[in-house]
Amino acid sequence: MTNRLYESMFLLDNQMVREDWGKAKAMVLDLLHKHGAQLKSARRWDERRLAYPIEGRQRATFLLTYFEMGNEHLVALRRDLELNERILRYLMLKVEKLPEGELELAQAENAADFVVPAPPADDAPEPEKPAPERRQEDEVTVPDLDLMNVEEN
Amino acid sequence: MSSSRRAPAPPISGKNCDDPVLDYKGVDNLKRFLTVHGQLLSRKRTGYCAQCQKALKQAVKRARHLSLLPFVG
């Protein structure tokens with residue numbers, strides 16, 4: 001009967017996210033509330049290509065949540081999460097405190113003007129990251145070979 | 001047989017590994033400590049103390065579970 005702070009990451013099916021992100025998020029939060037969790041924050045962490053396919057899905061949306069819950073509910077919550085087909089995978093960790101800036105990020109998502117980008121198609125390539133700026137010391141100066149030949153002559 | 005052996009590669013993290021930020025969500029950081037096949041580098045190569053290497057191992061395993069990192073390259 002100890003209330004603890006947990007960090008939990010959920011992999012959600014992109015098909016459900018495409019239909020409605022709010023609905024998908026509410027489904028997970030309802031599960032948490034059902035087991036007596038007091039939600040601290042919940043936000044969309046990322047949408048990305050998976051390193052290996054899970055249940056045939058190549059991409060998934062990650063939902064990061066922090067909540068307080070009694071440890072006696074953990075087993076029942078895990079069972080419900082395992083049975084849910086829309087949650088591809090989850091990771092639940094005990095943490096000491098809420099990370100800095102987490103509340104602000106969650107609040108920003110809850111703001112009315114926040115628009116969740118629709119997930120791309122399952123076979124869509126990863127968007128290219130901008131190339132890092134070249135440092136000056138990386139640039140190699142190539143000596144002018146023509147000039148060198150002239151000096152030898 | 002050549003007498004000169006190739007010098008060992010320097011450790012990635014340096015000698016000071018006090019309190020490194022090793023989180024399963026920092027995938028780009030974790031990738032620095034993996035081989036091209038997705039295997040975790042040894043302590044000799046990472047330069048971490050036993051405690052930090054253990055934290056690194058734990059973070060990589062969590063990232064693999066969430067499919068953020070591959071089990072095999």
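The values are calculated or read from the model by the stated rules, or taken from the named source; none is laboratory data. None of the values given here were measured: they were computed from a predicted structure. Positions of Cβ are backbone-derived with ideal geometry, glycine not excepted, and every protein chain shown enters the neighbour counts. For the accessible areas, the whole protein counts, side chains as well, though only heavy atoms, and no ligand, DNA or RNA atoms are used. Shrake-Rupley method; radii C 1.70, N 1.55, O 1.52, S 1.80 Å.
Listed values, structure above:
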read-out: Matching residues in region B:44-73 - criterion: being charged (D, E, K, R) and at pLDDT below 90; value: B:44, B:45
read-out: Count - residues of region A:28-42 that are within 21 Å of residue A:82 (Cα to Cα) and within 17 Å of the chain's Cα centre (by Cα); value: 3
read-out: Residue in region A:55-74 that is nearest to the chain's Cα centre (by Cα), counting only those that are open to solvent by less than 10 Å² (accessible area, probe 1.4 Å) and within 11 Å of chain B (Cβ to nearest Cβ); value: A:62
read-out: Set A:34, A:25, A:97: member being out of contact with any Gly (no Cβ under 6 Å at 6 or more places or on another chain) and either under 14 Å from residue A:9 (Cα atoms) or within 12 Å of chain B (Cβ to nearest Cβ) (or both); value: A:25
read-out: Residue match in region B:24-32 (condition: of a type outside the set (Asp, Glu), away from chain A (no Cβ under 14 Å) and surrounded by 15 or more Cβ atoms within 10 Å (Cβ to Cβ)); value: no
read-out: Set A:81, A:11, A:93: member being out of contact with any Lys or Arg (no Cβ under 7 Å at 6 or more places or on another chain), assigned to a strand (DSSP E or B) and either open to solvent by 10 Å² or more (accessible area, probe 1.4 Å) or on the phi < 0 side of the Ramachandran plot (or both); value: A:93
read-out: Verdict on residue B:19 being facing chain A (nearest Cβ under 10 Å) and either modelled with pLDDT of 95 or more or closer than 23 Å to residue A:102 by Cα (or both); value: no
read-out: Every residue from region B:40-73 that is within 14 Å of another protein chain (Cβ to nearest Cβ) and either among the acidic types (Asp, Glu) or open to solvent by 60 Å² or more (accessible area, probe 1.4 Å) (or both); value: B:58, B:61, B:62, B:65, B:71, B:72, B:73
read-out: Region A:39-54: number of residues that are touching a residue at least 40 places away in the same chain (Cβ under 8 Å) and open to solvent by 30 Å² or more (accessible area, probe 1.4 Å); value: 5
read-out: Residues that are small (Gly, Ala, Ser) and part of a helix (DSSP H, G or I), drawn from region A:56-78; value: A:76
